[in-house]
Amino acid sequence: MQQAFVVMIGGAAPHPGVMTRLPDDRIVIAADSGLDHARALGLHVDLVVGDLDSVSASGLAAAEAEGVPVERHPSAKDAIDTELALEAALVRGAGRIVVVTGGGDRLDHVLGGLFVLAHPMLRDVVVEAWVGPAYLRALQGPGRAELEGPAGTYVSLLPIHGTADGVTTAGLRYPLHAESLDAGSSRGVSNEFLGGAACVSVQRGALLVVIPHALGGAS
């Protein structure tokens with residue numbers, strides 16, 4: 001199986017249960033204060049990226065003392081640290097990226113970080129994310145995602161960056177058959193697993209497939 005790149009980003013601390021869901025064969029890239037979150041979880045970090053305006057001085061010093069490479073960027077830049085970390089993973093040949101975050105109190109950063117997961121540069125990459133207790137899969141057409149969840153568990157399909165065309169599902173309570181989900185539409189919210197395996201595919205456009213309580217909580 002291909003080695004995965006785990007991108008730890010800043011904001012709130014990740015859900016502690018995420019450690020059981022991360023791939024064992026991984027390269028960890030920390031975006032700014034994502035370094036502190038990685039260290040708190042006991043993750044070895046292979047690269048630190050960002051303007052370093054929110055990482056702790058002690059955490060950065062410890063990483064540098066361990067010989068972890070640091071890519072410093074100016075604070076006046078055209079991309080948030082999450083995007084810079086994703087670009088760093090791409091440069092290193094990533095075929096699968098798993099982003100980890102707890103969210104945070106900067107809604108603009110949270111939204112910007114979610115939007116960039118479906119950036120065209122990531123079209124040929126399997127992109128997943130853990131946002132607090134939620135699991136997210138970014139899917140660009142033509143693409144397909146295999147999912148699994150107990151019966152009744154919510155899963156939402158959110159079109160992003162425009163209309164998602166040719167959306168087809170299997171194993172969900174409310175099926176779609178080569179249908180369109182318009183940008184801004186909430187039609188795909190709160191579908192449910194029938195139990196076991198499910199599949200979502202899209203022919204054109206992009207979807208964020210979200211299982212909101214994948215690490216526990218409400219169904």
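The values are calculated or read from the model by the stated rules, or taken from the named source; none is laboratory data. All figures in this text were calculated on a predicted structure; none of them were measured in a lab. Methodologically, a virtual Cβ is constructed for each residue, glycine included, from the backbone with ideal geometry; neighbour enumeration extends over all protein chains shown.
Have a look at ALA151, ALA178, ALA198 and point out the one that is in contact with a Gly (Cβ under 8 Å, 6 or more places away or on another chain), over 27 Å from ASP78 (Cβ atoms) and buried (at least 19 other Cβ atoms within 10 Å of the Cβ).
Details: ALA151 fails: buried (at least 19 other Cβ atoms within 10 Å of the Cβ); ALA178 fails: buried (at least 19 other Cβ atoms within 10 Å of the Cβ).
Going through ALA151, ALA178, ALA198 in turn, the sole match is ALA198.
Please specify each residue of region 201-219 satisfying the condition of being in a strand (DSSP E or B) and crowded, with 19+ Cβ neighbours inside 10 Å. First the steps, then the outcome.
Step one: filter region 201-219 for residues in a strand (DSSP E or B), giving 201-202, 204-211.
Result: SER201, VAL202, GLY205, ALA206, LEU207, LEU208, VAL209, VAL210, ILE211.
Report yes if some residue within region 139-162 is modelled with pLDDT of 95 or more, within 20 Å of VAL100 (Cα to Cα) and small (Gly, Ala, Ser); otherwise report no.
Checked against the condition, which is being modelled with pLDDT of 95 or more, within 20 Å of VAL100 (Cα to Cα) and small (Gly, Ala, Ser), region 139-162 yields at least one hit.
Considering region 126-148 alone, what residues qualify as being within 17 Å of VAL200 (Cα to Cα) and either among the charged types (D, E, K, R) or touching a Gly at 6+ places or on another chain (Cβ under 6 Å) (or both)?
GLU128, ARG137, GLY141, ARG144, GLU146, GLU148
Select, from ALA31, ALA38, ALA76, the only residue that is under 19 Å from LEU114 (Cα atoms) and in the same structural domain as LEU111 (by TED's automatic domain parsing).
Working: ALA38 fails: under 19 Å from LEU114 (Cα atoms); ALA76 fails: under 19 Å from LEU114 (Cα atoms).
Checking each option against the conditions leaves just ALA31.
Within region 113-122, is there a residue that is outside the structural domain of ALA183 (by TED's automatic domain parsing) and within 18 Å of LEU22 (Cα to Cα)?
Initial filter on region 113-122 (outside the structural domain of ALA183 (by TED's automatic domain parsing)): 113-122.
Next cut, within 18 Å of LEU22 (Cα to Cα) only: 117.
For region 113-122, residues outside the structural domain of ALA183 (by TED's automatic domain parsing) and within 18 Å of LEU22 (Cα to Cα): present.
Please indicate, with yes or no, whether at least one residue in region 82-101 is touching a His at 6+ places or on another chain (Cβ under 9 Å) and part of a loop (DSSP other than H, G, I, E, B). Please lay out each step first, then the result.
In the first step, residues of region 82-101 are kept if they are touching a His at 6+ places or on another chain (Cβ under 9 Å); the result is 82-84, 86, 100-101.
Then keep just the ones that are part of a loop (DSSP other than H, G, I, E, B); that gives none.
No; the residues of region 82-101 include none that is touching a His at 6+ places or on another chain (Cβ under 9 Å) and part of a loop (DSSP other than H, G, I, E, B).
Among the residues of region 98-109, write down those that are within 12 Å of LEU136 (Cβ to Cβ) and of a type in the set (A, V, I, L, M, F, W, C). So that I can check it myself, show each step before the final result.
First, pick out the residues of region 98-109 that are within 12 Å of LEU136 (Cβ to Cβ): 98-101, 103.
Matches in region 98-109: VAL98, VAL99, VAL100.
Kindly indicate whether LEU52 is aliphatic (A, V, I, L, M), touching a residue at least 60 places away in the same chain (Cβ under 8 Å) and either in a strand (DSSP E or B) or closer than 20 Å to VAL28 by Cα (or both). So that I can check it myself, show each step before the final result.
Values: aliphatic (A, V, I, L, M): yes; touching a residue at least 60 places away in the same chain (Cβ under 8 Å): no; either in a strand (DSSP E or B) or closer than 20 Å to VAL28 by Cα (or both): yes.
Criteria not met by LEU52.
Can you find a residue in region 105-127 that is part of a strand (DSSP E or B) and surrounded by 14 or more Cβ atoms within 10 Å (Cβ to Cβ)? Talk me through it step by step, then tell me what you get.
So the first thing to find is which residues in region 105-127 are part of a strand (DSSP E or B), and the list is 126-127.
With surrounded by 14 or more Cβ atoms within 10 Å (Cβ to Cβ) added as a condition, the list becomes 126-127.
Scanning region 105-127 turns up at least one residue that is part of a strand (DSSP E or B) and surrounded by 14 or more Cβ atoms within 10 Å (Cβ to Cβ).
On the given criteria, is HIS37 within 20 Å of the chain's Cα centre (by Cα), outside any loop (DSSP other than H, G, I, E, B) and at pLDDT below 95? Spell out the reasoning first.
Details: within 20 Å of the chain's Cα centre (by Cα): yes; outside any loop (DSSP other than H, G, I, E, B): yes; at pLDDT below 95: no.
No: the conditions fail for HIS37.
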